[in-house]
């Protein structure tokens, strides 16, 4: 087991990474002993892991109730949030209760937001069961639901007490979701760590073949990189925005295609192609490095073309992205491979050309 | 103008109290200059104060859009929250925008919660226009909406940048709302400040007659007392719960009678009678002091009898109150007049008797 610490003063927490951790009572005991616990999950994850988790919680001295939400991105809605709140109230859970999010990014985002607002905030633990959630969404305290006008438009910063990333849960992950998770792994290399890009270029086939040691290292390195950024800028006042590399385009792809059509990681993969193209056109990334970006995304089996929407529609959808300032969209560009920079002064023509080049 | 500071480290903020402050551009300028501002208010308050506030914001260098929500407690709902979020998105407000809550406790609670969750949190200013909001709900960062199963069950701690309490706005407040506000003023005396109780006994008629100097002092003293408690325990880990004196019973009254039937302050007034009765029966308050509580609440013109619900229904409604711990309701008792204590070990028989005595 590897343990990484997210350093946030009184809100610091550990990320445990390893195979078989989901059923390890010792990891829950410090937070769950003597508590009433709601386990939020969905009908896809529950048959695989719920029993194992509830047994571990019982062994840790907690009494747990499951709360099921629907599968898929559409669960990040007011309606699902209200159903979780209703279930917590029906179970008469008080402010001293604990919530556990068992599942992928959607479960973590929704359950984390429910924990943030239930009775003005209760503690929660993330037990991510997809690669995307393990390397990205479960770490850093961002929680949210979607709005028809834009993704993650309603949410909170609410840090978990712990993240328990069991890489054995990835055995049952569909291939498409595995590849979507690899998109966020690759992203951490592109924006922060050139040697990690080289490691990924050498090990991408192992990840796709679910080699457990390779997966464990990829999760660990991603979490280390993300934890450093989050510790320096918890509430995204500045630097943290670089973690959204590929996301401004990606959110437009997801919203434009209709939530649920594209997996988040797929949209980020294609969004990174657009952002790398924009970086090349803006002169911050060499063309051969942009080709390296494209080659790695292609080897990960991610889509290489965005949906065929009008360019105007892309621009309109990006306009509501949260990274706007004074109405102007800010873009995260690669400033060489392994480095990222935030730019709010780009010529719209370059943005249009970059979208068109990846459609 | 009086200014009180709520000391919360980096989240400290001023409360300005005086007549005519609502239209004073200088109070908004430090936070609003160059910003886009959404002013959340309702159709009752807007005709009285919106134009004046928008003029002050413009003078302060801000560009503002009004967002209207319905009047009354029913506005603290998912539906109203979604309408505010929708309006902010339609106006293309980004994370750098500012929200102003113009109105009573309902507007402040809902608008504050919208600010807490819009794009994971934007700053906001409270401009309370009822006595209840000026002395209580606008101070301390509690925001929330209601759930059919209980009041304020969904919310956040989100501190404002400033509170601007213009006592001139109380001129147009209906009598019933004035009395409801006085209930929370009295509460601060009962739990924290015996000399203030004596001042209220001497000046209650002046408050009811809207004597401006008396109102200004009552608002100031209430805010000072509340600010001290909030500074010591921002997130209600312990001591802050005493501010809920009368509220456990009061929330049951509001929910049992149907939201909107009783004003919040009226329910708190009658709830304080039940809590004082319980304190007397539990032996922490002398009977003659309990009579002093009752006499002052009577002189304020507040209801002296709770709704005729079955005692079981009261107990059931109190069970979902957020102050439960391990499923047991905790009560705030008076430990002599001017002092409060939190008790989780009370005999249910005493609780039943206290409710029955005030029905």
>> Contact order normalised by length for segment B:2-171, with contacts defined as Cα pairs under 8 Å and 6 or more residues apart; what percent is it?
In response: 26
> Can you give the angle from 0 to 90° between the axis of helix B:194-208 and the longest principal axis of chain B, with both taken from C-alpha atoms, to the nearest 10?
Replying inline: 60
> Average partner chain C-beta neighbours within 10 Å, per residue of B:136-149?
Replying inline: 2
>> Show me, bin by bin at 10 Å from 0, the whole-percent P(r) of segment A:174-321 based on Cα pairs.
In response: 11, 40, 38, 11, 0
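With the cut-off at 1.5 for a/c, could you classify segment B:250-359 from its C-alpha gyration tensor as rounded, prolate or oblate?
Values: a/c = 1.65, a/b = 1.05, b/c = 1.57.
Here segment B:250-359 falls in the oblate category.
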>> How long are the semi-axes of the equivalent ellipsoid of the protein assembly as shown, defined as square roots of 5 times the Cα gyration tensor eigenvalues? Whole Å, largest first.
In response: 49, 31, 19
> Per the helix-only calculation at 222 nm, which mean residue ellipticity applies to chain B, given -39500 (n - 2.57) for every DSSP H run of n ≥ 4 and division by its residues, nearest 500 deg cm²/dmol?
Replying inline: -14000 deg cm²/dmol
>> From the gyration tensor of the Cα coordinates in chain B, what semi-axes in whole Å does the equivalent ellipsoid have, largest first, with each one equal to sqrt(5λ)?
In response: 34, 22, 18
>> As a footprinting exposure proxy, order B:331, A:249 by other Cβ within 10 Å, with the fewest listed first.
In response: B:331, A:249
> Most mobile of B:73, B:59, B:216 per a Gaussian network model of chain B (Cα springs, under 10 Å)?
Replying inline: B:59
> Cα gyration tensor of segment B:1-146, axes a ≥ b ≥ c as square roots of the eigenvalues: rounded (a/c below 1.5), prolate (a/b > b/c) or oblate?
Replying inline: rounded
> Any idea how far apart residue A:345 and residue B:316 come out in nm if each label point goes 7 Å out from Cα toward Cβ?
Replying inline: 6.6
>> Suppose a student asked you for the relative contact order of chain B, using Cα pairs under 8 Å spaced at least 6 residues apart; what percent would you report?
In response: 15
> Distance from the Cα centre of segment A:329-359 to that of segment B:241-312, in angstrom?
Replying inline: 61
> Which distance in Å, rounded to a whole number, links the C-alpha centroids of segment B:150-198 and segment B:115-134?
Replying inline: 15
> Could you give, in nm with one decimal, how far residue A:210 is from each other copy of that position, shortest first, with labels 7 Å out from Cα toward Cβ?
Replying inline: 7.2
>> Consider the operator that turns chain A into chain B: which A residue has a Cβ nearest its axis, and what is that gap in Å?
In response: A:78, 3
>> As I understand it, the value is the acute angle between the Cα axis of helix B:348-357 and the longest principal axis of the Cα atoms of chain B; what does it come to in degrees, rounded to 10?
In response: 80
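Ignore the peptide's own chain and count Cβ atoms of other chains within 10 Å of each Cβ in B:77-88; give me the average, rounded. The partial results should precede the final answer.
On the way: counts 0, 5, 1, 0, 2, 3, 0, 0, 5, 4, 0, 3.
Across B:77-88, the average partner-chain Cβ count within 10 Å equals 2.
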> What nm distances, shortest first, do you get from the label point of residue A:82 to those in the other copies when the point sits 7 angstrom along Cα to Cβ?
Replying inline: 0.6
>> Just to be sure I understand the model, the point goes 7 Å from the Cα along the line to the Cβ. What's the resulting residue A:1 to residue A:172 distance in nm?
In response: 2.1
>> If you take each beta carbon of peptide A:111-122 and count the beta carbons of other chains within 10 angstrom, what is the mean?
In response: 5
> In the Gaussian network model of chain B, springs joining C-alpha atoms below 10 Å, which of B:153, B:274, B:318 carries the largest mean-square fluctuation?
Replying inline: B:153
>> How far apart, in nanometres, would the label points at residue B:308 and residue B:257 be if each is projected 7 angstrom from Cα along the Cα-to-Cβ direction?
In response: 1.5
> Between the helical axis of B:287-299 and the dominant principal axis of chain B, each derived from Cα atoms, what acute angle in degrees is found, rounded to the nearest 10?
Replying inline: 40
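Taken together, the values in this text are just the output of simple stated rules run on the coordinates, not laboratory data. Note that this is a predicted model, so its numbers are computed, not measured. Every residue, glycine as well, gets a Cβ built from its backbone with ideal geometry; the counts of neighbours run over all protein chains shown.
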